[in-house]
4 protein chains.
Amino acid sequence: MSQVRAAVLEAFEQPLQIRTYPDPGAPAPGEALVAIDIAGICGTDVHLWLGQLAIPLPNIMGHEAAGRIEKLGPGLDRDWRGEKLAPGDRVTWASSIACGECFYCRVKRQPTRCLTRKAYGISYCAADAPHLRGGYAEKILLRAGTAIFRIPDAVPSEALIGAGCALTTTIHASERAPLEWGDSVVVQGTGPVGLAAIAVARVAGAGVIVAIGGPKHRLELARDFGADVVVDIAEVTTAEARRDAVLAAVGPYGADQVIECVGYPAAVNEGIPLCRDGGQYVVLGQYADAGNISFNPHTITRKQLRVIGSWGFEPRHVDRAIRLLERDAGLREKFACGITHRFPLDQADAALENARSLAGGKTVILP
Amino acid sequence: MSQVRAAVLEAFEQPLQIRTYPDPGAPAPGEALVAIDIAGICGTDVHLWLGQLAIPLPNIMGHEAAGRIEKLGPGLDRDWRGEKLAPGDRVTWASSIACGECFYCRVKRQPTRCLTRKAYGISYCAADAPHLRGGYAEKILLRAGTAIFRIPDAVPSEALIGAGCALTTTIHASERAPLEWGDSVVVQGTGPVGLAAIAVARVAGAGVIVAIGGPKHRLELARDFGADVVVDIAEVTTAEARRDAVLAAVGPYGADQVIECVGYPAAVNEGIPLCRDGGQYVVLGQYADAGNISFNPHTITRKQLRVIGSWGFEPRHVDRAIRLLERDAGLREKFACGITHRFPLDQADAALENARSLAGGKTVILP
Amino acid sequence: MSQVRAAVLEAFEQPLQIRTYPDPGAPAPGEALVAIDIAGICGTDVHLWLGQLAIPLPNIMGHEAAGRIEKLGPGLDRDWRGEKLAPGDRVTWASSIACGECFYCRVKRQPTRCLTRKAYGISYCAADAPHLRGGYAEKILLRAGTAIFRIPDAVPSEALIGAGCALTTTIHASERAPLEWGDSVVVQGTGPVGLAAIAVARVAGAGVIVAIGGPKHRLELARDFGADVVVDIAEVTTAEARRDAVLAAVGPYGADQVIECVGYPAAVNEGIPLCRDGGQYVVLGQYADAGNISFNPHTITRKQLRVIGSWGFEPRHVDRAIRLLERDAGLREKFACGITHRFPLDQADAALENARSLAGGKTVILP
Amino acid sequence: MSQVRAAVLEAFEQPLQIRTYPDPGAPAPGEALVAIDIAGICGTDVHLWLGQLAIPLPNIMGHEAAGRIEKLGPGLDRDWRGEKLAPGDRVTWASSIACGECFYCRVKRQPTRCLTRKAYGISYCAADAPHLRGGYAEKILLRAGTAIFRIPDAVPSEALIGAGCALTTTIHASERAPLEWGDSVVVQGTGPVGLAAIAVARVAGAGVIVAIGGPKHRLELARDFGADVVVDIAEVTTAEARRDAVLAAVGPYGADQVIECVGYPAAVNEGIPLCRDGGQYVVLGQYADAGNISFNPHTITRKQLRVIGSWGFEPRHVDRAIRLLERDAGLREKFACGITHRFPLDQADAALENARSLAGGKTVILP
């Protein structure tokens, strides 16, 4: 029986190890065996590596990936959209499987909060057969019920993984906190989520978009993705000065929507005063528990704000992401160009180190 | 020229003084002179008295009141709804006047955040002519543009003032954070705002309603207004135990909507875990700035909450409040019965002391 | 092998025939065999009988039913809500199964328009094994994937079937055309759907509710369910006079929402002028294609209406219906009392004739 | 006293007459006297001329216009947005004044259905002083309360009038029938409203946009404004063939939103089948009463559509239109280039004839 190589996290903060697992061979009904072409390194992977979220070890990380169908299990011949699936097809998949049966899935139609949701590259222990449940590997075995998407020819896998889960997460947030076209938007943070938020706000018809972040090359990307004004936190060094810069761009009462894509809790206290009264403050970056802030709830009442959270994404949002990229050649190119570092699977550990350093754009593994 | 007596706040935390002002005589165009029958003492008045909000002194407080038209200025012959107005008519009025012209009034249709909004009983200095801009007085001179409402015969003034601005404030909040009928609701706090929130949630088709508060007689009122389950903070003394009690009533995932009507910032941290994921948390009680809490914004992302603020109310909400009372004899009686203490104008100071002690139900002044 | 008796529609407009089918015995995985206690006769059944909708023959009608679990197939041990299921449990079920995979199910989250939706009692040919797919029978074999609901002890089956699919259909419509509490509502028609619409509008916090219909005993039911004003079409015989009666009740500009529950196309032209400008007109009764009307679309522009259609219901709406009945003893009693005629299975044909005559309230079959 | 020349409609279907009126001189408080630079001829003006809407005669038409402030009445020194106004400023204004006091203005916040709304160029009799209430004149006297907008330097008057009331009307409709970004849109009609609907759909983030119309040069404009696919009614001559063309572009189930911008009632029956089930059908073009169609309301129920009307616009929508043009140089140029015919005031009648013939793009009068 042939073997499949994977980069495995065996201990937090320790180098990934290259391990081999038995090739699963013929998939069971509904399953798909996929040869990974490309796996993105998400900021969350760095948090996982550092042990900041509870995950089982050993773990094959990698929740953003694309590849080619190697084998399809019995009964699986259509993708999530109902399009024909065959070996050789280029595909991606929603990283999470929701149960479809719990209170959140059924009654509240909110599968991102499914009570038993599991995510590839995060929730599975690599010690348990069939082992191959993450993207940092030559192959992944997708469970029955996974939302698989055949990637349209027009969409290069690098565009899709360059966008990554930042795009799908942002699309979900745009559904929970819809813009009215022409609304002014401030995006706090110019990491992958911030850039995706700028791209989606632009697509959704935002008026003035202001990005607050850094360093310089990220701000250039922010402009490319649609920011009209960028505020460099290295140059505009106080919250007050940044607020002045924002108000100069969006008007004296603040922005209609402010989207927090920073991840540091303190960003919330800087961001809320950037909202106009009655505006929306979207807390999108607080994905990991990074601690408490000193917060004044009176502000929410007095400014009659809507503070909106959004968690993960559903298969529908992957569908929207792919359609968006299919339609928009400019975005495809920008997201693909956002990939600045490529590593083979053997150097997955170096890839992770590189991503951690935030040295450039997106880092990917090409198994 | 005759004189008008008023109870005047001249120094914070000091007794109100009975002063006299010249009767304004014939109102100017659009103005109305109204003889006050009844003025409610709102919790905010206690805060004003204690100097916790910035107001001009001397000040005739009283932003909840009803009376009879004494004289109408030229051009004023219809109330806000277009109904005929004449001397002798029993009326109430929206406490605030929005400018109708600023960014918030015009562009965002959100007059509660009008840039130059002024409220009777709060924003006017009694030293400035025409002095009579508050309800703790024999008469009030309403400015042109005030939203005046003729009170339907079916609605006693005591029912209206018993409901007070708590009802109109809650109605505004119900518009910003609409329930789907059948939604489970938790109301934190059984003061006037909490009771009104229960009443409005019941009217709006809430499923299970849980009230958390005290003391005992307030919880009985909470039941009267529609709470299915009450949690007495004197008996259930920890946040954990209260959460258990709530979940036992609304189901293990939390309530669809939680409405904070407490005013203490700490209530927010107790309340958010009472919400189901994807639910609404309405911050309604943080009307005064009562300081900061240690708060974890990760919760908003992970639970994908909507945290919603609402400030004050518009004339439309007074209209809805009056229509509600006109339609619902039970509510009229409950709100009227909520008035437990009545004082003449001369004893306005005692009335304020009584309201401060939270000894019973609503306290009113009958000038 | 034992036999199961069923009343079968073999030719349109011809008497139902009592036929026997082999008892299916042990259900396959996910299936459930249920002994029918009660099956409602819905107005749609009369249309089916008359051949006004395309259905396969022979056909065991009956899409509203409740019964007791006789046998559960492997893997089926929880109901739709996740509650334990066991033989003997009293249950009902959503009449339709959506595929969960098509464009409407997945992308648009609108399973009522599932491309391959099939309904018990409507879409199945009784000639095809396993035959038992309708409620006019001693037993029904529910397919894997059916949304089964254990009926709470507090809810008699007669209350549930008395409400029938009229209630679930109306609940779906209330979701698509939500009321703001206090909104005035006109319900055209006092058949089962009209009465359910009144009940739901009342629950959802409607202000004044006006019912237009007849005959007298239906109007009394309309009042029982919450109509404030009823207009008897036998007495108020012109559309103009009915409009006058409505405006007298809801105000001179028309109602905030008008719900058509009549089924005759002409009702639409009578109903739209009952809406205020900017109001909602809900087309709920045009379930069968009953032909065209002469219609002026200028009205929709000028009155800036929202005309809203709603089709069938999802399992979520059965869930809401059951919860509503569980919560509201008054509604349980009213819906149960709405059942005025009961027939044994052998007299299913007489039951259908009775329902067709609209002689009384709800007709049911007790197999 | 100097004289002001105007082109006056004195009898339907008869040539406009050039008449003179006394210059109003000093405006009363809140009024503004404006020298007209440019007045657009709207399709509605042709209907007015033909006597298809009830208007008083004689009448100075022209409800789309821009000019320079000549004199400001006392108290008027700010525009609708609060910006300083002074003689010489280039301005436009909302064509209608709503009373701000009636049921629709106040309670329903829907001033487009104001009970006493009057529109410049439509509702005023030129025989009544001060006569100058339309745009086909050298000057217009704007009433106190008119929503006047100072035109930003970046926005040429020709861009604004090239867009005309078609743009503001469409913006209002986009508010009543909001798109989700990525939604597919079909626009029926490529007249001014159709082109504006395409422009707004593009700005609002539409996915595929299909325009159905003609002739050729209008379809080229449709592409310029953002249509991805155009269907020429001269080439694709049956409704069935047009439906095929639409479905080929948007997918087999129909478009998420279809916007009727044709004006012929028959367009509604062609358009509804272009909607996917659960989609939105926006009836925007039925501005005049052009008669009845044979219509089947069952379709609305079965397809569970939302059919949405929208009437006119509010000052807020003029504000959004100006901001949009200020932000989008491409749109400014496209709308300005849409003006293909310019006439002096003396030739207003020829201008109207030209507009009636639909020979080209937009026709304007330059007084």
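Read-outs: derived from the displayed coordinates by stated rules, not from any lab. These numbers were taken from a predicted model, which means no experiment stands behind them. In this analysis, Cβ positions are derived from the backbone assuming ideal geometry, glycine residues included, and neighbour counts consider all displayed protein chains.
Worth pointing out:
- Principal-axis tilt of helix A:192-203 within chain A, Cα atoms, nearest 10 degrees: 70
- Each copy carries a label point for B:Thr340 at 7 Å from Cα toward Cβ; from one copy, the others' points are 5.1, 6.7, 7.8 nm away, ordered from shortest.
- Vicinal HN-Hα couplings computed from phi for region C:287-296 (Karplus, 6.51 cos²θ - 1.76 cosθ + 1.60; Hz; Gly/Pro x): 6, 9, 7, 9, x, 9, 10, 7, 10, 10
- Placing a label point 7 Å from Cα along the Cα-to-Cβ axis, A:Glu180 is separated from the same position in the other copies by 1.4, 2.0, 2.4 nm, shortest listed first.
- Relative contact order for chain C: 18 percent, from Cα pairs under 8 Å spaced at least 6 residues apart, divided by residue count.
- Hypothetical label at C:Ala127: residues of region C:39-57 whose amide nitrogen lies under 20 Å (7 Å Cα-Cβ projection): C:48-57
- Region C:178-309 has equivalent-ellipsoid semi-axes of 20, 17, 14 Å, by the square roots of 5 times the alpha carbon gyration tensor eigenvalues, sorted largest first.
- At R0 = 22 Å, FRET efficiency that the Cβ-Cβ distance of C:Lys216 and C:Ala241 yields, to 0.05: 0.80
- Distance cut-off 62 Å, percentage of C-alpha pairs in the protein assembly as shown lying past it: 16
- Close Lys-Lys pairs in chain D, where close means Cα under 22 Å and separation is 8 or more or interchain: 9
- Net charge contributed by nearby residues that have their C-beta within less than 12 Å of A:Leu366 (K/R +1, D/E -1): -3
- Pseudo-label separations to other copies for B:Gly291 - Cα-to-Cβ vector, 7 Å, nm: 2.2, 7.6, 7.6
- Euclidean distance of C-alpha centroids, region A:216-251 and region A:187-205, integer Å: 13
- Rounded to 0.05, the FRET efficiency of the C:Ala86 and C:Arg109 pair, given R0 = 45 Å and the Cβ-Cβ distance, is 0.90.
- Span from the region D:276-350 Cα centroid across to the region D:85-104 one, whole angstrom: 21
- If only the Cβ of Lys and Arg carry +1 and only the Cβ of Asp and Glu carry -1, the dipole of region D:178-309 around its Cα centre is close to 140 debye.
- Principal-axis tilt of helix B:216-225 within chain B, Cα atoms, nearest 10 degrees: 90
- Cβ neighbours within 10 Å from other chains - mean over A:103-113: 5
- Rh (Kirkwood; distinct C-alpha pairs) - chain B, Å: 21.0
- Using θ = phi - 60° and Karplus 6.51 cos²θ - 1.76 cosθ + 1.60, couplings along region D:101-108 (whole Hz; Gly, Pro as x): 10, 7, 3, 6, 5, 8, 6, 9
- Only helical runs count toward this figure. For the protein assembly as shown, summing -39,500 (n - 2.57) over DSSP H runs of n ≥ 4 and dividing by all residues gives -8500 deg cm²/dmol at 222 nm.
- Here's how it looks for C:Arg78: its modeled amide H is under 5 Å from those of C:Leu85, which are all 5 or more places away or on a different chain.
- The three principal axes of the Cα atoms in region C:65-130 give end-to-end lengths of 37, 33, 21 Å, sorted in falling order.
- Highest-first packing order for the peptide set B:40-53, D:37-50 is D:37-50, B:40-53, based on the mean count of other beta carbon atoms within 10 Å.
- Take each residue of peptide C:307-316, count the partner chain Cβ atoms within 10 Å of its Cβ, and average: the result is 5.
- Its Cα gyration tensor gives region A:128-226 an equivalent ellipsoid, and the semi-axes of that ellipsoid, as √(5λ) in whole Å with the largest first, are 31, 16, 13.
- Note on chain D: with a GNM built from Cα contacts shorter than 10 Å, the maximum mean-square fluctuation among D:Gly100, D:Gly263, D:Gly62 falls on D:Gly100.
- Converting phi to 3J(HN,Hα) with the Karplus coefficients 6.51, -1.76 and 1.60 and the offset θ = phi - 60°, region C:348-355 yields 3, 5, 4, 4, 5, 4, 5, 5 Hz in sequence order, with x at every glycine or proline.
- Legend: mean number of C-beta atoms from other chains within 10 angstrom of residue C-beta atoms, peptide C:286-296, equals 6.
- Placed amide H near A:Glu64: partners under 5 Å, 5+ positions off or other chain: A:Gly40
- Taking packing as the residue-averaged number of other Cβ atoms within 10 angstrom, the listed peptides B:147-154, D:233-240 run from highest to lowest as B:147-154, D:233-240.
- Förster-model FRET efficiency, 60 Å R0, C:Asp77 and D:Glu333, C-beta, rounded to 0.05: 0.35
- A viscosity of 0.890 mPa s and a temperature of 25 °C, combined with the Kirkwood radius over Cα pairs in Stokes-Einstein, give a translational diffusion coefficient for region A:1-144 of 156 µm²/s.
- For the C-to-A rotation axis, chain C residue with nearest beta carbon and its distance in angstrom: C:Arg109, 3
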